[in-house]
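The values are calculated or read from the model by the stated rules, or taken from the named source; none is laboratory data. All values derive from a computational prediction rather than experimental measurement. FYI the Cβ positions are ideal-geometry reconstructions off the backbone, even for glycines, and counts take in every protein chain you see. To get the accessible areas, we keep the full protein, side chains included, count just its heavy atoms, and leave off ligands, DNA and RNA. Shrake-Rupley method; radii C 1.70, N 1.55, O 1.52, S 1.80 Å.
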Amino acid sequence: MGTPQCRSEQRHRVVIFRDFEGREIRVVTDLMQVTAEQIAQMYKARWQIEVFFRWIKQHLNIPTLFGTTENAVYGQLFCALIVYVLHKWLFDAAQGTWPKHAILSFARFSRLFLLQNLPVEWLIQIQHVLLKRVSASMNQITYSG
């Protein structure tokens, strides 16, 4: 296997299987003691990891990881996930019965929110949501104490 100038002397095998859309996938491996079905499952599991990281880069706005240690990666991912969940909660809570001109998709809401350029209707609704949440929290503190 390889170019004529740089050929591998190690033995390899080609495993052929179909993905969920029926496309043929060919994988070259040097794992000889593993069945073709297991190779296909490994490939599919690895592909799910790639899909997960693509989602992270697109939705959590993490183009690169700042650290290389396991702890640094987990810390950055957890922080980004917390921000995403809070942001999504705020979007869902602020959505009301808007007129057609004021309806925003989550992607557009996120973009405008980060640019600090949300429409006034949204800013007012977000303020109401946050004030209602703070008020509910204060009532819980008052009744439990």
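Just to be sure before I move on: is Ala72 more than 30 Å from Arg18 (Cα to Cα) and either without any contact (Cβ under 8 Å) to a residue 40 or more places away in the chain or in contact with a His (Cβ under 6 Å, 6 or more places away or on another chain) (or both) in the structure I sent? If you could, list the steps in order and put the result at the bottom.
Details: more than 30 Å from Arg18 (Cα to Cα): yes; either without any contact (Cβ under 8 Å) to a residue 40 or more places away in the chain or in contact with a His (Cβ under 6 Å, 6 or more places away or on another chain) (or both): yes.
Taking the combined requirement at face value, the residue satisfies it.
Could you list, in sequence order, all residues of region 30-52 that are among the hydrophobic types (A, V, I, L, M, F, W, C) and open to solvent by 80 Å² or more (accessible area, probe 1.4 Å)? Explain how you work it out, then say what you get.
Here is the first cut: in region 30-52, the ones among the hydrophobic types (A, V, I, L, M, F, W, C) are 31-32, 34, 36, 39-40, 42, 45, 47, 49, 51-52.
Passing the criteria: Met32, Met42, Trp47, Ile49, Phe52.
For Pro63, work out the one condition from (1) in a helix (DSSP H, G or I); (2) of a type outside the set (Phe, Trp, Tyr); (3) within 14 Å of the chain's Cα centre (by Cα); (4) modelled with pLDDT under 90 it doesn't fulfil.
That leaves (1) as the condition not met.
Can you name the residue in region 111-121 that is over 13 Å from His87 (Cβ atoms) and within 26 Å of the chain's Cα centre (by Cα) and, of all such residues, is most open to solvent (accessible area, probe 1.4 Å)? So that I can check it myself, show each step before the final result.
The first filter runs over region 111-121 and keeps only residues over 13 Å from His87 (Cβ atoms), leaving 115-117, 119-121.
Applying the additional criterion that residues be within 26 Å of the chain's Cα centre (by Cα) yields 115-117.
Working: Leu115: 120, Gln116: 169, Asn117: 100 Å².
Filtering first and then ranking leaves Gln116.
Cβ-Cβ distance below 7 Å, separation of 6 or more or different chains: which pairs start in region 82-108 with a residue that is more than 14 Å from His59 (Cα to Cα) and end on one that is assigned to a loop (DSSP other than H, G, I, E, B)?
Ala102/Pro119
May I ask you to list pairs of residues, at least six apart or on different chains, whose Cβ atoms are under 9 Å apart, with the first in region 4-17 being under 19 Å from Met32 (Cβ atoms) and of a type in the set (Ser, Thr, Tyr) and the second being modelled with pLDDT of 80 or more and open to solvent by less than 90 Å² (accessible area, probe 1.4 Å)?
Ser8/Asp30
Of everything in region 120-145, what is touching a helix residue (DSSP H, G or I) at 6+ places or on another chain (Cβ under 6 Å) and outside any helix (DSSP H, G or I)? Give them in sequence order.
None; the set is empty.
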